[in-house]
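Colleague: Before I ask anything, let me first share the structure, which is written out below as structure tokens.
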Amino acid sequence: MDLKPSESLKIDTFSMRIGDIEGVDLDRLHALSLSVGWPHRAEDWQFLRQSGQGFVALDEIGRVLGSAMWFAHGASFATVGMVITSPRLQTLGAGQWLMKRVFDRVAGRDLRLNATRAARRLYLSLDFQPEKTVYQCQGIARLEATGSQADMRDVRTLDPRDIPAVIALDAAGFGVRRAALIERLFEHSVGYGLFKDGRLNAFALCRPFGRGHVVGPVVAESDADAVAVVRRHVADHSGSFLRIDTHMDHGEFATFLSHSGMPIFDTVLTMSMGKRLSDFAVGGATGPMTYALASQTLG
Ligand SMILES: CC(C)(COP(=O)(O)OP(=O)(O)OC[C@H]1O[C@@H](n2cnc3c(N)ncnc32)[C@H](O)[C@@H]1OP(=O)(O)O)[C@@H](O)C(=O)NCCC(=O)NCCS
């Protein structure tokens, strides 16, 4: 009898069970995101887990083969993210299965997510509507010697006493008040604010993430104000990796990013179910706008 094992073995069926993301070893979540080439560190997963809820797909011996999370803001809105299925599982229905479990838990809420190219078909099949492109800009930051003295004078480091003003301005830009998230981001971030007559007009937070740091959220009433607050972070991280995710594709802010060592690296597509992005625009074209997302996952 020939006992020599064959060089390959085809396994075409195996079963998975759903689990709460809460108790899962961070290293396993990290391994899952690495398997699809995402830059998240274990700490980034930890932050997201503290900020939202989620499911994992587990195989018979407890390996994490998929994930999906949601982040509730207020009673009627949530963002969805960290939707991943392990490469060997993809196109077999696991993404849909995970998303339908999420739907059970977010029923009645308006939903928003940022879809990678790989995920668009999945979300379209679930009735998400395409909205706007997000430009993932990143690279080695460098500060060009421009910017008025006034910009520098009116911008200062934010401290915890500024949190209520940051929450209010974020809500005006984002369209939904997300106090708990902003407070948590604040703990992990350095923030700069632009003040006019003592009132916060623009802010930019920046925290460690992935390969370096990420700037976001950024809320401002004009490109010039957004540049004024982001410029400080570019100066702080000059020579190191910096990332920013923005809907802005032209104008002073977009130009500033590409001149600051952060060209467009990739794009994702904001998609909605229920209320659309424009339904959340509190101040219209002249009010505060979100110039940079907190992250693709958090919106
Ligand atoms: C995006 C992702 C989660 C999809 O998961 P999945 O397990 O492959 O999804 P499913 O098998 O449930 O597929 C759902 C739909 O997309 C289709 N689909 C999935 N991958 C496809 C591919 N490569 N080409 C064509 N269609 C594809 C499926 O046929 C199905 O369509 P249908 O509903 O019309 O039948 C997975 O590819 C992934 O983890 N990618 C890397 C990380 C990522 O980009 N995540 C998305 C974050 S927004």
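We did not get these values from a lab; they are worked out from the coordinates using the rules stated. Everything numeric in this text was worked out from a predicted model, so none of it was measured. With ideal geometry, Cβ positions are generated from the backbone for all residues, glycine too; neighbour counts draw on all protein chains shown.
Colleague: Report the label-to-label distance for S238 and L34 in nanometres (one decimal), using points 7 Å from each Cα along the Cα→Cβ vector.
Modeller: 3.5 nm
Colleague: For labels at T133 and F103 in the simple 7 Å Cα→Cβ model, what's the distance in nm?
Modeller: Once both label points are built, they end up 2.9 nm from each other.
Colleague: Just S76, S272, S260 to compare: in a GNM of the chain, with alpha carbon springs under 10 Å, which one fluctuates most?
Modeller: S76
Colleague: Would you mind telling me the antiparallel percentage of the DSSP bridges in region 136-292, rounded to 5?
Modeller: Percentage antiparallel, nearest 5: 90.
Colleague: For T133, T246, which order do you get if you count the other beta carbons within 10 Å of each Cβ and list the fewest first?
Modeller: T133, T246
Colleague: Specify the longest stretch of the chain that does not include any exposed loop site, a site being one of the GluC sites (Glu not before Pro) with a non-H, G, I, E, B DSSP assignment and at most 13 other Cβ atoms within 10 Å.
Modeller: 145-299
Colleague: Using θ = phi - 60° and the Karplus form 6.51 cos²θ - 1.76 cosθ + 1.60, what ³J(HN,Hα) does each residue of region 289-299 get, whole Hz, x for Gly and Pro?
Modeller: Residue by residue, region 289-299 yields 10, 7, 8, 9, 6, 4, 5, 4, 6, 8, x Hz.
Colleague: In addition: Could you name the aspartates and glutamates whose alpha carbon sits less than 17 Å from that of K275, not counting residues in the same chain fewer than 8 places away?
Modeller: In chain and number order, the partners are D110, D127, E131.
Colleague: Then there is this: Quick query: amide H of H73 versus all other amide H atoms, modeled in the peptide plane; which residues come in under 5 Å with a sequence gap of 5 or more or a different chain?
Modeller: A78, T79
Colleague: Angle between the Cα long axis of helix 42-51 and the longest principal axis of the chain, 0 to 90 degrees, nearest 10?
Modeller: Result, in degrees: 80.
Colleague: Something else: Give the order of V106, V134 when sorted by the count of other beta carbons within 10 angstrom, beginning with the fewest.
Modeller: V106, V134
Colleague: For the chain, what relative contact order do you get, as a whole percent, if you take Cα pairs closer than 8 Å and at least 6 residues apart?
Modeller: 22 percent
Colleague: Quick check: the angle from helix 223-236's long axis to the longest principal axis of the chain, C-alpha only, nearest 10 degrees?
Modeller: It is inclined by approximately 70 degrees.
Colleague: Please work out the FRET efficiency for the pair E43 and D197, using the Cβ-Cβ distance as r and a Förster radius of 51 Å; give the result to the nearest 0.05.
Modeller: Once rounded, the FRET efficiency stands at 0.85.
Colleague: Counting pairwise Cα distances across region 8-108, what percent come out greater than 22 angstrom?
Modeller: Summing the P(r) tail past 22 Å for region 8-108 gives 28 percent.
Colleague: Using θ = phi - 60° and the Karplus relation 6.51 cos²θ - 1.76 cosθ + 1.60, list the HN-Hα couplings for region 126-141 in order, rounded to whole Hz, with x at every Gly or Pro.
Modeller: So the Karplus estimates, Gly and Pro as x, are 9, 6, 6, 9, x, 10, 10, 7, 9, 9, 8, 9, 7, x, 8, 5 Hz.
Colleague: Taking the Cα centre of the chain as origin, work out the dipole magnitude from +1 charges on Lys and Arg Cβ and -1 charges on Asp and Glu Cβ, in debye rounded to 20.
Modeller: Computed about the Cα centre, the dipole is about 360 debye.
Colleague: Testing the spin-label approximation: label points 7 Å from Cα along Cα→Cβ at I18 and R156. State their distance in nm.
Modeller: Computed distance between label sites I18 and R156 equals 5.0 nm.
Colleague: Rounded to the nearest 10 degrees, what's the angle between the helix 179-188 long axis and the longest principal axis of the chain, both from Cα atoms, 0 to 90?
Modeller: It is inclined by approximately 90 degrees.
Colleague: Oh, and also: Pairs of alpha-carbon atoms within less than 8 angstrom and 6+ residues apart define the contacts here; what relative contact order does region 1-142 have, in percent?
Modeller: With pairs under 8 Å counted, the relative contact order is 18 percent.
Colleague: Right, another one. What aspartates and glutamates sit close enough to K196 to cross-link, taking a C-alpha to C-alpha distance under 19 Å and skipping anything fewer than 8 places away on the same chain?
Modeller: By straight Cα distance, K196 reaches D151, D154, D159, D162, D170, E221, D223, D225.
Colleague: Rounded to the nearest 5, what % of DSSP beta bridges with both residues in region 171-251 are antiparallel?
Modeller: 80 percent
Colleague: What are the semi-axes of the equivalent ellipsoid for region 136-292, taken as the square roots of 5 times the Cα gyration tensor eigenvalues, largest first, in whole Å?
Modeller: Working from the Cα gyration tensor, I get semi-axes of 22, 19, 16 Å.
Colleague: Suppose only helical runs count, i.e. DSSP H with n ≥ 4. What mean residue ellipticity at 222 nm does that imply for the chain under -39500 (n - 2.57) per run, divided by all residues and rounded to the nearest 500 deg cm²/dmol?
Modeller: The per-residue figure over the chain is -8500 deg cm²/dmol.
Colleague: The chain: percent of C-alpha pairs farther apart than 32 Å?
Modeller: Of all Cα-Cα pairs in the chain, 28 percent lie more than 32 Å apart.
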